[in-house]
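All remarks here apply to the structure that follows.
The values are calculated or read from the model by the stated rules, or taken from the named source; none is laboratory data. Just so it is clear, the model here is predicted, and its values are computed rather than measured. Here the Cβ positions follow ideal geometry from the backbone for every residue, glycine too, while neighbour counts run over all protein chains shown.
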């Protein structure tokens, strides 16, 4: 069996590589769009097309419309050629979208024109009700949870910016507004002279944004590493922390690969109750909260951090061990491979 996977590569998201590894476990050959479209024989042989983040609208309306038209025409062309389209829904809406109407249009377009929709959490089905009927959801949607990251990264020693006498809370990932970094710093500032060390690691989307964040820091126990974090560095930073802190914007966030990455490295998380966590029924594995406004988010995040400080580092470490056991059993590559094979066979 042969399939086309889009995007074929991603330096920013390991999910693409891991899912392709899962497909290959079932002897499914994976090709890029470029290779398929440049080879007439291969185009005839490849009947399944997997799309991830194809709905993203990340530029101004004027610049984006030509690209959207090309995307629409390409999907329509695949439908005319009787190709099977699988769309993976990652978010409620594209992060940092500059045009919400276009973003919503593209999500609906992909939902309508896909034979199957892969969702990473049950919460995604609720979001899809805005775009397609419940009957279509029942027919099209297949839940395939985010795979764990066991064996996906190597460890590399980096400068230790943790504090062995403090509780070390780490934010790691792309430093962008939808990650609520300003709010995290604001809350972290209130823990001045407390035994909590905050580490914010990742590359800001602009240098100006990074400088603005640095100027807002009023607590000497907030450390920043504002640069691109190589894979090996990422694992080292995670391992030197006690827990991962992820104050997501629930307006757009449904799922989190970073939560899976944390659990895969025996770390618990502090996060809003997004889809990834809702599907893990054991709330003793993580620290979570819900909010309906930025002001409430600030309050609930602070309360969550206080709850973490009430536990010993041994208790927190034990939570991380249980997180690891959970994703090892429920999110293995072998299990994900089985579900993709089942999906392909039922197209």
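Brief remarks follow.
- Cross-chain or 6+ apart pairs with Cβ under 6 Å, segment 97-126 first and farther than 18 Å from residue 15 by Cβ, then assigned to a helix (DSSP H, G or I) and modelled with pLDDT of 95 or more: 113/75; 125/137
- Hits in segment 273-291 - residues which are more than 17 Å from residue 145 (Cα to Cα) and modelled with pLDDT of 95 or more: 285, 286, 287, 288, 289, 290, 291
Okay, residues lined up against (1) in the same structural domain as residue 307 (by TED's automatic domain parsing); (2) more than 29 Å from residue 315 (Cβ to Cβ); (3) touching a residue at least 40 places away in the same chain (Cβ under 8 Å):
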| position | (1), (2), (3) |
| --- | --- |
| 179 | yes, no, yes |
| 197 | yes, no, no |
| 204 | yes, yes, no |
| 219 | yes, no, no |
| 223 | yes, no, yes |
| 237 | yes, no, yes |
| 240 | yes, no, yes |
| 243 | yes, no, yes |
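- Residue identified as modelled with pLDDT under 95 and over 23 Å from residue 52 (Cα atoms) among 250, 235, 222, 245: 235
- Within segment 82-104, one or more residues are in a helix (DSSP H, G or I) and crowded, with 21+ Cβ neighbours inside 10 Å.
- Enumeration of residues in segment 21-67 that are loosely packed, with under 15 Cβ neighbours inside 10 Å, closer than 30 Å to residue 252 by Cβ and either modelled with pLDDT of 95 or more or touching a helix residue (DSSP H, G or I) at 6+ places or on another chain (Cβ under 7 Å) (or both): 32, 34, 61
- Test: residue in segment 304-325 that is surrounded by fewer than 19 Cβ atoms within 10 Å (Cβ to Cβ), within 25 Å of residue 126 (Cα to Cα) and either in contact (Cβ under 8 Å) with a residue 24 or more places away in the chain or in contact with a helix residue (DSSP H, G or I) (Cβ under 8 Å, 6 or more places away or on another chain) (or both): no
- One residue stands out among those in segment 13-31 that are touching a strand residue (DSSP E or B) at 6+ places or on another chain (Cβ under 7 Å) and not in a helix (DSSP H, G or I): the one that is farthest from residue 342 (Cα to Cα), which is 31.
- Test for residue 227: is it within 19 Å of residue 187 (Cβ to Cβ), out of contact with any helix residue (DSSP H, G or I) (no Cβ under 7 Å at 6 or more places or on another chain), assigned to a loop (DSSP other than H, G, I, E, B) and outside the structural domain of residue 121 (by TED's automatic domain parsing): no
- Scanning segment 40-56 for residues being assigned to a loop (DSSP other than H, G, I, E, B) and within 17 Å of the chain's Cα centre (by Cα) gives a total of 4.
- Test: residue in segment 266-273 that is in contact with a strand residue (DSSP E or B) (Cβ under 7 Å, 6 or more places away or on another chain), surrounded by fewer than 22 Cβ atoms within 10 Å (Cβ to Cβ), part of a loop (DSSP other than H, G, I, E, B) and without any contact (Cβ under 8 Å) to a residue 24 or more places away in the chain: yes
This table checks each residue for (1) in a strand (DSSP E or B); (2) touching a strand residue (DSSP E or B) at 6+ places or on another chain (Cβ under 7 Å); (3) farther than 26 Å from residue 22 by Cα.
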residue	(1), (2), (3)
251	no, no, yes
255	no, no, no
259	no, yes, no
298	no, no, yes
304	no, yes, yes
316	no, yes, yes
338	no, no, no
